[in-house]
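The values are calculated or read from the model by the stated rules, or taken from the named source; none is laboratory data. Fair warning: this is a prediction, and the values are worked out from it, not measured in the lab. Cβ: placed from backbone, ideal geometry, glycine included. Neighbour counts: every protein chain shown.
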Amino acid sequence: MIKRLWNAIPPGIVCLAVVVGLFSYMGMKMGAAPMLNTVMHTAHDLLLNTCFYLMAICVLTGAIGKIFVEFGVVDLLEKLLRPLMKPLFNLPGVASLGAVMTFLSDNPAIITLSRDKRFSGYFKKYQFISLTNFGTAFGMGLIVIIFMVGQGYFAAPLIGLFGAFCGSIVSTRLMQRFILKSFPHYAEESAAISERSQDTLVKKVEEGEQKSLFVRILNSLLDGGREGVDIGLAIIPGVLIISTLVMMLTFGPSADGTYTGGAYEGTQALPFLAEKIDWLFRWLFGFTDPHQVAFPITALGAVGAALGLVPNFAAHGWVDGNAIAVFTAIGMCWSGFLSTHTAMLDSLGYRELTPKAILSHTIGGIAAAVVAHWGYALLCLF
């Protein structure tokens, strides 16, 4: 009965009610003018300091990935790591290159690499689509770990790295299961011959071996960098729209308690709601202070912004070794996936699978945090 009534409501009315309700809530809390200014200032700051930064990463990692493809590193990794990748992730060994590149840079690096036909040729469609979840689980890993070590913790970040690894298995496998349930034929179709592949896939250099070493290197760097620019442009809408919304629902007013219309001010709605189930976070993640919930919530939109919370938490005595382990695991595994998953799947040509990818990765991030928490608890016993 309820389902029939819901289906009878025009989608336009539902959409209008959600949008009006959301902005009415933020407007009443912040004031109409400050709210609008915060939206613009936050989006502008994200564009300058996040999107262009990610574009630079895409260009550099695209060039590196193209070099690896051109000179056989991909084939080597496929042979060496196939025994590990297949049983754990149900992916070909070559996928490990994507994990390394995202670990050293950020999520979109996996998409820059996947746009090469010689790379995607190793995958079935369902495996290829799950690269979005697989690569995201290692995004900015090196940065996160080094940052946590810089805070004076050494064992906890390594436990968090193991947690992120376990979370990536959960997320990738779950995403593959969802894909095959909806599209069983993807189990046999090759990703390289997909009609939905991007038109800008790099053409294979048929006479590559006949060209000089310098020309091959130069062509690889430029072609890979050019693809990086395309990906960098593709992720801008998702970052600006989703991250701005998440941050405005996470952060609070300015330092003096007023709303000035500056960037990164908000209503604190998400932390307020999280405090209502504080007992659950204590049991799952071992959080000892309700403020710690802000880290995973912020990491949904941008792990860089989440890392910025840690020094303040440490100054107030709100973090311990367990929190650092959990922060590392969930920061790596989620690494702002809400702001990039949509753009990444859109770039691959499978936008309609975004809800499944988000659900899978949400579960994977929670699993990563749980493993990190209990792993740290086990370490404390010795």
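Of note:
- Subset of region 79-99 (residues that are farther than 18 Å from ALA191 by Cα and surrounded by fewer than 17 Cβ atoms within 10 Å (Cβ to Cβ)): LYS79, LEU80, PRO83, LEU84, PRO87, LEU88
- Within region 115-140, residues that are under 21 Å from GLY365 (Cβ atoms) have Cβ atoms under 8 Å from residues that are in a loop (DSSP other than H, G, I, E, B) and charged (D, E, K, R) in these pairs: GLY139/ASP106; MET140/ASP106, counting only partners at least 6 apart in sequence or on another chain.
- Test result for LYS117, modelled with pLDDT of 80 or more and surrounded by fewer than 23 Cβ atoms within 10 Å (Cβ to Cβ): no
- Here region 313-355 is the region considered, the condition is being closer than 18 Å to TRP283 by Cα and among the small types (Gly, Ala, Ser), and the residue that is surrounded by the most Cβ atoms within 10 Å (Cβ to Cβ) is ALA329.
- With respect to being surrounded by 13 or more Cβ atoms within 10 Å (Cβ to Cβ) and not charged (D, E, K, R), ASN49 falls outside the description.
- Residues that are modelled with pLDDT under 85 and either among the hydroxyl-bearing types (Ser, Thr, Tyr) or surrounded by fewer than 21 Cβ atoms within 10 Å (Cβ to Cβ) (or both), drawn from region 123-145: LEU142, ILE143
- Search result, residues across region 146-168 that are surrounded by fewer than 19 Cβ atoms within 10 Å (Cβ to Cβ) and in a helix (DSSP H, G or I): ILE146, VAL149, GLY150, ALA155, LEU158, PHE162
- Output for region 286-329, where each listed residue is of a type outside the set (S, T, N, Q), assigned to a helix (DSSP H, G or I) and without any contact (Cβ under 8 Å) to a residue 12 or more places away in the chain: ALA315
- Test result for ILE13, touching a residue at least 24 places away in the same chain (Cβ under 8 Å) and assigned to a helix (DSSP H, G or I): no
- Listed by first and then second residue, the pairs with beta-carbon distance under 6 Å, at least 6 apart or on different chains, first residue in region 364-382 and closer than 22 Å to ASN133 by Cβ, second in a loop (DSSP other than H, G, I, E, B), are HIS373/GLY286.
- Test: residue in region 366-382 that is in contact with a Cys (Cβ under 6 Å, 6 or more places away or on another chain) and in a helix (DSSP H, G or I): yes
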